[in-house]
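**Q** The structure under discussion is supplied below as structure tokens; questions concerning it will follow.
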Amino acid sequence: MTDEVHEECGVFGVMTPESCDVARLTYYGLHSLQHRGQESCGIVVDSVDGTWSHKGMGLIGEVFTREVLDLAPKGRISVGHVRYGTTGGSNIINCQPLEIRHERGNFSIVHNGNLTNTCGMRKSLEKTGSILHTTSDTEVIAYAIIREALTADSMEDAVSRAMESIKGAYSLLIMTEDRIICVRDPHGFRPLIYGKMSDGTVVVASESCALTTVGAEPVRDLDPGEILTIGPDGIVSRREHCGTRPRRSCVFEYIYFARTDSVIDGVSVHAARIRSGIELARSSPVEADVVIGVPDAGTDAALGYSRESGIPFGIGLLKSRYVGRTFISPGQDERVRGVWLKLSVIKETVSGKRVVLVDDSIVRGTTMRRIVKLLREAGAKEIHIRISAPPFTNPCYYGTDVGSRKGLIACDYSIPEITRILDADSIGYLPLEKLSTLVGCDEYCSACFDAEYPLPIDGDMSADV
Ligand code: SF4
């Protein structure tokens with residue numbers, strides 16, 4: 001069990017006016033979404049000679065070598081995906097894009113999120129003779145679309161009708177031979193944004209950072225429930241599912257998942273994190289000599305804490321960015337078992353100091369315990385942990401890998417107990433009622449902090465029932 005919450009996926013799609021190296025554009029877009037999924041990735045291109053695809057386990061740079069990208073044909077449409085497998089597990093069969101061949105039309109589909117009625121839908125599909133090849137909920141969505149396509153007038157109609165039966169969190173890109181149909185679920189749990197380049201190329205992605213990476217100007221986020229087609233008729237929006245459910249975008253995107261240079265639903269992630277640090281300094285003040293952040297998401301909140309408290313900000317922890325899936329982890333050999341590659345301490349910043357240590361969350365506590373130990377070994381005099389989110393006490397069923405309360409430290413222990421377990425001098429969390437200051441409204445999901453689930457789940461999904 002890891003000590004981090006993992007976002008399930010990131011999606012990217014592009015449609016260009018002329019045939020070009022769209023696979024490479026998708027590669028660059030996915031590269032900037034790598035933080036949303038590091039276990040597998042894939043790209044599909046629609047070319048004059050048919051569909052080309054490549055998928056594999058590992059980081060974008062590992063799966064898409066120069067040789068692989070040189071083999072990709074030119075085309076006008078491409079979609080890609082980075083994945084951290086939760087529903088369905090992590091193996092090659094669940095890699096996306098999922099390619100569907102059917103007499104009503106071929107399509108490739110990529111998905112960020114998690115359905116909440118997968119189990120029921122799988123059972124009813126299997127009872128009527130359907131054979132599911134993967135264990136991921138994305139295949140269930142594809143089935144729902146194909147079922148509707150049998151009688152629908154258009155692919156968009158089929159998608160719209162399928163949205164009546166699929167429940168949960170989904171930001172989807174569905175690529176046919178002449179269009180990309182982009183869908184955001186009616187609650188808008190996961191982000192989805194599109195933008196344009198000066199030559200008329202249209203790009204759609206989980207986060208705005210992927211648009212800016214490829215040189216596209218963001219146009220706008222899709223609205224919850226919107227179906228947006230990028231195709232022969234330009235950009236066409238359908239809104240029959242918009243406003244049918246309350247907006248509930250994931251507040252944890254701002255706290256932790258998203259890249260700090262992204263803007264989601266008009267709110268800068270960086271600015272939201274700074275605000276969380278400011279609120280934290282107001283609600284949990286302490287006398288100290290330096291404020292440091294746990295990279296990456298803790299750094300912005302640490303800046304906010306420093307600004308509000310007047311305690312100087314310092315770089316106290318350094319994160320290694322180059323540990324890929326194929327890297328040989330320490331652990332087998334007794335001599336290297338103690339090696340910790342992820343973070344190291346800058347001793348000058350913390351030695352002999354009273355340190356405020358800001359992070360975005362404590363999930364199971366193992367990483368934080370280790371960080372405190374590193375800081376103590378480097379000579380920190382006091383360590384005051386400040387968390388830019390409320391205590392993480394409930395599972396998330398909308399696209400992360402925390403499916404159970406089991407092992408969540410804030411579930412099992414009180415704050416004084418956690419302080420003792422982590423060997424800290426004090427701990428302060430962001431008050432629940434201050435979450436709205438991050439996003440500037442109250443239309444968000446915060447179920448992992450307050451158990452206010454916007455959408456019921458299949459009983460089978462919860463490991464706690
Ligand atoms: S439960 Fe938490 S992580 Fe999951 S969607 Fe809601 S806010 Fe985000």
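The values are calculated or read from the model by the stated rules, or taken from the named source; none is laboratory data. Since we're looking at a predicted model, the values are computed, not measured. Quick reminder, even Gly has a Cβ in these numbers, built from the backbone with ideal geometry, and neighbours come from all protein chains shown. To get the accessible areas, we keep the full protein, side chains included, count just its heavy atoms, and leave off ligands, DNA and RNA. Shrake-Rupley method; radii C 1.70, N 1.55, O 1.52, S 1.80 Å.
**Q** Being surrounded by fewer than 24 Cβ atoms within 10 Å (Cβ to Cβ) and in a loop (DSSP other than H, G, I, E, B) narrows it down to one of Ser165, Ser160, so name that one. Working first, answer last.
**A** Numbers: Ser160 fails: in a loop (DSSP other than H, G, I, E, B).
Of Ser165, Ser160, the one residue that is surrounded by fewer than 24 Cβ atoms within 10 Å (Cβ to Cβ) and in a loop (DSSP other than H, G, I, E, B) is Ser165.
**Q** If only one of Ala380, Ala389 is away from the ligand (no atom under 13 Å from the Cβ) and surrounded by 18 or more Cβ atoms within 10 Å (Cβ to Cβ), which one is it?
**A** Details: Ala389 fails: away from the ligand (no atom under 13 Å from the Cβ).
Result of the check over Ala380, Ala389: Ala380.
**Q** Separate question: Considering only segment 120-142, state which residues are in contact (Cβ under 8 Å) with a residue 24 or more places away in the chain, open to solvent by 10 Å² or more (accessible area, probe 1.4 Å) and among the small types (Gly, Ala, Ser).
**A** Selection gives Gly120 alone.
**Q** Here's another thing I want to ask about it. Scan segment 182-197 for residues that are away from the ligand (no atom under 16 Å from the Cβ) and touching a Gly at 6+ places or on another chain (Cβ under 8 Å) and jot them down. Spell out the reasoning first.
**A** Residues of segment 182-197 away from the ligand (no atom under 16 Å from the Cβ): 182-183, 193-197.
Within segment 182-197, Cys182, Met197 qualify.
**Q** A further question on this structure: Just to be sure, is Ser268 among the small types (Gly, Ala, Ser) and under 20 Å from the mean Cα position of the chain (by Cα)?
**A** Values: among the small types (Gly, Ala, Ser): yes; under 20 Å from the mean Cα position of the chain (by Cα): yes.
Against the criterion (among the small types (Gly, Ala, Ser) and under 20 Å from the mean Cα position of the chain (by Cα)), Ser268 qualifies.
**Q** Looking for something surrounded by fewer than 16 Cβ atoms within 10 Å (Cβ to Cβ), within 16 Å of the ligand (Cβ to nearest atom) and of a type outside the set (Lys, Arg) - is there at least one such residue anywhere in segment 241-251?
**A** The answer is yes; a qualifying residue exists.
**Q** Return the residues of segment 216-244 that are within 22 Å of the chain's Cα centre (by Cα), farther than 20 Å from Thr176 by Cα and assigned to a loop (DSSP other than H, G, I, E, B); say none if nothing qualifies. Outline the logic, then answer.
**A** The initial filter retains those residues of segment 216-244 that are within 22 Å of the chain's Cα centre (by Cα), namely 216-228.
Restricting the remaining residues to those that are farther than 20 Å from Thr176 by Cα gives 216-221, 223-225.
If the condition is that a residue be within 22 Å of the chain's Cα centre (by Cα), farther than 20 Å from Thr176 by Cα and assigned to a loop (DSSP other than H, G, I, E, B), then Ala216, Asp223, Pro224, Gly225 are the ones that fit.
**Q** Next question, about the same structure. Going through Ala216, Ala210 one at a time, which residue ends up being free of Cβ contacts under 8 Å to residues at least 60 places away in the same chain and surrounded by 21 or more Cβ atoms within 10 Å (Cβ to Cβ)? Quick ask: steps written out before the conclusion?
**A** Working: Ala210 fails: free of Cβ contacts under 8 Å to residues at least 60 places away in the same chain.
Selected residue: Ala216, the only one of Ala216, Ala210 that is free of Cβ contacts under 8 Å to residues at least 60 places away in the same chain and surrounded by 21 or more Cβ atoms within 10 Å (Cβ to Cβ).
**Q** OK, next. Name the single residue, out of those in segment 292-325 being among the small types (Gly, Ala, Ser) and in a loop (DSSP other than H, G, I, E, B), that is surrounded by the fewest Cβ atoms within 10 Å (Cβ to Cβ). Explain how you work it out, then say what you get.
**A** Applying the first criterion (among the small types (Gly, Ala, Ser)) to segment 292-325 yields 293, 297-298, 301-302, 304, 306, 309-310, 314, 316, 320, 324.
From what's left, in a loop (DSSP other than H, G, I, E, B): 310, 314, 316, 320, 324.
On the way: Gly310: 8, Gly314: 20, Gly316: 28, Ser320: 12, Gly324: 12.
Once the filter is applied, the top-ranked residue is Gly310.
**Q** Could you say whether any residue in segment 351-361 is in a helix (DSSP H, G or I) and modelled with pLDDT under 95? It would help to see each step written out before you state the result.
**A** Applying the first criterion (in a helix (DSSP H, G or I)) to segment 351-361 yields none.
No, segment 351-361 has no match at all.
**Q** Still on this structure, please answer the following. I'd like to know if segment 222-233 contains one or more residues that are surrounded by fewer than 18 Cβ atoms within 10 Å (Cβ to Cβ) and either more than 15 Å from Val14 (Cβ to Cβ) or of a type in the set (Val, Ile, Thr) (or both).
**A** Yes, there is a match, as at least one residue in segment 222-233 is surrounded by fewer than 18 Cβ atoms within 10 Å (Cβ to Cβ) and either more than 15 Å from Val14 (Cβ to Cβ) or of a type in the set (Val, Ile, Thr) (or both).
**Q** Still on this structure: Answer yes or no as to whether Leu408 is aliphatic (A, V, I, L, M) and at pLDDT below 95.
**A** Details: aliphatic (A, V, I, L, M): yes; at pLDDT below 95: yes.
Yes: the conditions hold for Leu408.
**Q** Take Ser361 and decide whether it is among the polar types (S, T, N, Q) and within 16 Å of the ligand (Cβ to nearest atom).
**A** Values: among the polar types (S, T, N, Q): yes; within 16 Å of the ligand (Cβ to nearest atom): yes.
Spelling it out, Ser361 is indeed among the polar types (S, T, N, Q) and within 16 Å of the ligand (Cβ to nearest atom).
**Q** For segment 400-412, name all the residues that are of a type in the set (A, V, I, L, M, F, W, C), away from the ligand (no atom under 13 Å from the Cβ) and either open to solvent by 30 Å² or more (accessible area, probe 1.4 Å) or within 17 Å of Val251 (Cα to Cα) (or both).
**A** Cys411
**Q** Could you list, in sequence order, the residues of segment 252-274 that are crowded, with 24+ Cβ neighbours inside 10 Å and basic (Lys, Arg)?
**A** Selection gives Arg273 alone.
**Q** With the checklist (1) under 24 Å from the mean Cα position of the chain (by Cα); (2) open to solvent by 10 Å² or more (accessible area, probe 1.4 Å) in hand, flag the one item Gly200 doesn't pass.
**A** (1)
**Q** Asp289: away from the ligand (no atom under 16 Å from the Cβ) and surrounded by fewer than 16 Cβ atoms within 10 Å (Cβ to Cβ), yes or no?
**A** Values: away from the ligand (no atom under 16 Å from the Cβ): yes; surrounded by fewer than 16 Cβ atoms within 10 Å (Cβ to Cβ): no.
Against the criterion (away from the ligand (no atom under 16 Å from the Cβ) and surrounded by fewer than 16 Cβ atoms within 10 Å (Cβ to Cβ)), Asp289 does not qualify.
**Q** In addition: Restricting to segment 19-47, what's the tally of residues that are crowded, with 24+ Cβ neighbours inside 10 Å and basic (Lys, Arg)?
**A** So the count comes out to 1.
**Q** Separate question: Does Gly50 count as open to solvent by less than 50 Å² (accessible area, probe 1.4 Å), of a type outside the set (A, V, I, L, M), free of Cβ contacts under 8 Å to residues at least 12 places away in the same chain and assigned by TED's automatic domain parsing to the domain that holds Ile181? Can you show your working first?
**A** On the way: open to solvent by less than 50 Å² (accessible area, probe 1.4 Å): yes; of a type outside the set (A, V, I, L, M): yes; free of Cβ contacts under 8 Å to residues at least 12 places away in the same chain: yes; assigned by TED's automatic domain parsing to the domain that holds Ile181: yes.
The answer is yes for Gly50.
**Q** What's the number of the condition Tyr397 fails, among (1) more than 16 Å from the ligand (Cβ to nearest atom); (2) outside any strand (DSSP E or B)?
**A** (1)
**Q** Moving to a separate point now. Show the residue pairs meeting these rules: Cβ distance below 8 Å; 6+ apart or different chains; first residue within segment 246-258 and over 13 Å from Asp300 (Cβ atoms); second residue among the aliphatic types (A, V, I, L, M) and within 8 Å of the ligand (Cβ to nearest atom).
**A** Final answer for the pair search is Cys250/Ala169; Phe252/Val5; Phe257/Val5.
**Q** Continuing with the same structure: Give the number of residues within segment 419-457 that are open to solvent by less than 30 Å² (accessible area, probe 1.4 Å), in a helix (DSSP H, G or I), within 16 Å of the ligand (Cβ to nearest atom) and out of contact with any Pro (no Cβ under 6 Å at 6 or more places or on another chain).
**A** Qualifying residue count for the region: 5.
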